[in-house]
Amino acid sequence: MAGDVPTSRRAVLLAIFIAFGEPLQSGFLFGYDMGVISGCLIMPDFIFRFGQTGSDGQAYLSSSRQSIIVSLLSAGGAIAQAFTADRFGRRGSILFWSAIFTSGVAIQTGTTYSLVQLVIGRFIAGLGVGSLSAIVPLYNGETAPKAIRGTILVIYQVQIISGIFLSYLFELGSHRINGSASWRIPVGLQIVWGLILLSGMFFLPESPRHLLGTGRIDEARRVIAELNGVSENDALVVEIVEELDIAIKAENEGGKATWMECFSPRNAMWRRTINGMMLQFIQQLNGQNFYYYYGDIFFESAGAGLSPYVIQTILGAVSVAGTLPALYFIEAWGRRKSLLLGALAQAVCAFIVALVGHYYLAPSGTAVPDLTSRNRAAGGVVIAFAVLQVFIFGTTWGPTPWVYLGESFPLRVRPKSIALGSASNWFWNFMLSFFSPRIVDKIGPLIMLVFFGMLVVGFFYVYFAIPETKGITLEEVDELYRSGIVPWRSAGWKPSEKHYHKDGHGGDEKRASGSGSEEAA
């Protein structure tokens, strides 16, 4: 919350329940779908129903059909949630979009031979999970105590990776089933996850910042007390309510927020919004989603003696393991160091996968007995560095952009700014999933050089543009950006002593005194 105060055990447990207690929330749903569609693309029954018939009479999925099937989920919305986050509240929006997602999964599961029905179902499911991907960081950022806010937001990434891993496990067991059950079972299980999310949200509180912003002061006071493990009359609750109330009034002085305000020079909003969008853009072009979406097909040519499903399951397990250190490093290292080190380490992995894969892997479709010892050794190297890259991503670039997105914006424009960041994530996810099969058809493993280049760009972008936001309140982020401190020196920045007073026009104005401060915008 707003003060740098000790957090009681009760408050920590409730905060963790908020992160996990949108049970298997949007992160899990998004991750599960990313993983499950990858395995479906090489299942014989799925290919027979939704593929094409080749000149040899065999069914196959062309790169264009793979693109459409995979990418339509990402064409759904993250922008849409901005129109519901304030109208229905954070909690109500999660309920609404969970229902949309569940409907889309039902349409996919019920299809027989219609590619159109399948992709429409994926588009509708994408509307739901895309909107949830923006709402959940918003909700978590507004409810989590600041002492553990970064850790709570990291759990969002843990859920994405856990969803991917669980989908791999189900497909490892179901892919040998004859008939449509091989893919209907893992795809249809998403209905269960959606229903769990729908029911779980009834037990969680609304965001106190949203409650105060809509004039529901008593409810906000009750939620704040519960989150901090104190009584409603406690001085801490009074202090937080007063601080948030003043900040909200100051933010709302200009009337209803607009989309253009997200790019306003006031409080450096344009920098903050672009930073959020850029981190999501770079995150999507790290290379990990290529492994998640098309790893089964990519690893078929590695010839490591393991089925693609086994390799993907190993990849998923390593991904989950990679997110666990992030729960510690996001606060110990901070946001900048996690991103900088992660970009460098992943770039090395992507470079090795690209060159070894291009020069030493056998061409796609080569029979296993025809593989040379060099091909097999190269396959082992490619898989090893792919797994290492995914592990590093889980520790650094997986969670950190979501943490940054959830803690960088004032209440006034937070739904819209987070929606823009999430929309950037989904747009580039769509571009990646749509064009990757076509690019791989042309240049094969050299596609990893594209991701290598983006990781190098990401390193320099973070160094010159992303300030450290660890350990400060959501309200103090405004002061950080107003201070004018350069990002590479921001790790040592401290918020100044603040006090509030009435300005000459009767409005509430925040003044900062001390080093690194300047007058409020």
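Below is a table of values for the structure above.
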| quantity | calculated |
| --- | --- |
| Any hit, the range 276-297, residues being modelled with pLDDT of 85 or more, of a type in the set (Ser, Thr, Tyr), within 26 Å of ALA134 (Cβ to Cβ) and out of contact with any Asp or Glu (no Cβ under 7 Å at 6 or more places or on another chain) | no |
| VAL462 being of a type in the set (Val, Ile, Thr), buried (at least 19 other Cβ atoms within 10 Å of the Cβ), closer than 30 Å to LEU355 by Cβ and over 20 Å from the mean Cα position of the chain (by Cα) | no |
| Residues of the range 163-179 classified as modelled with pLDDT of 85 or more and closer than 18 Å to GLY104 by Cα, total | 1 |
| Leading residue by the ranking (surrounded by the fewest Cβ atoms within 10 Å (Cβ to Cβ)) among those in the range 404-455 that are modelled with pLDDT of 85 or more and outside any helix (DSSP H, G or I) | PHE409 |
| Residue count for the range 381-403, restricted to those that are in a helix (DSSP H, G or I) and either more than 13 Å from LEU455 (Cβ to Cβ) or of a type in the set (Asp, Glu) (or both) | 16 |
| Given (1) in contact (Cβ under 8 Å) with a residue 12 or more places away in the chain; (2) open to solvent by 10 Å² or more (accessible area, probe 1.4 Å), number of the condition THR372 does not satisfy | (1) |
| Scope the range 118-134; condition closer than 23 Å to SER180 by Cα and open to solvent by less than 20 Å² (accessible area, probe 1.4 Å); matching residues | LEU118, GLY121, ARG122, ALA125, GLY126 |
| Test for GLY188: is it among the small types (Gly, Ala, Ser), farther than 22 Å from TYR139 by Cα, out of contact with any Cys (no Cβ under 9 Å at 6 or more places or on another chain) and assigned by the TED database to the domain that holds ILE37 | yes |
| Residue within the range 261-268 that is at pLDDT below 85 and assigned to a helix (DSSP H, G or I) present | yes |
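Here's the yes/no breakdown for (1) open to solvent by less than 40 Å² (accessible area, probe 1.4 Å); (2) in a loop (DSSP other than H, G, I, E, B):
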{"residue": "ILE47", "(1), (2)": "yes, no"}
{"residue": "SER64", "(1), (2)": "no, no"}
{"residue": "SER74", "(1), (2)": "yes, yes"}
{"residue": "THR84", "(1), (2)": "yes, no"}
{"residue": "ILE94", "(1), (2)": "yes, no"}
{"residue": "TRP97", "(1), (2)": "yes, no"}
{"residue": "THR109", "(1), (2)": "yes, no"}
{"residue": "TYR113", "(1), (2)": "no, yes"}
{"residue": "VAL116", "(1), (2)": "no, no"}
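The values are calculated or read from the model by the stated rules, or taken from the named source; none is laboratory data. Not measured: the values here are computed from a predicted model. Reconstructed Cβ throughout: ideal geometry from the backbone, glycine too, with neighbour counts over all protein chains shown. Each accessible area value is taken on the protein alone, full model and side chains, heavy atoms only, with ligands, DNA and RNA left out. Shrake-Rupley method; radii C 1.70, N 1.55, O 1.52, S 1.80 Å.
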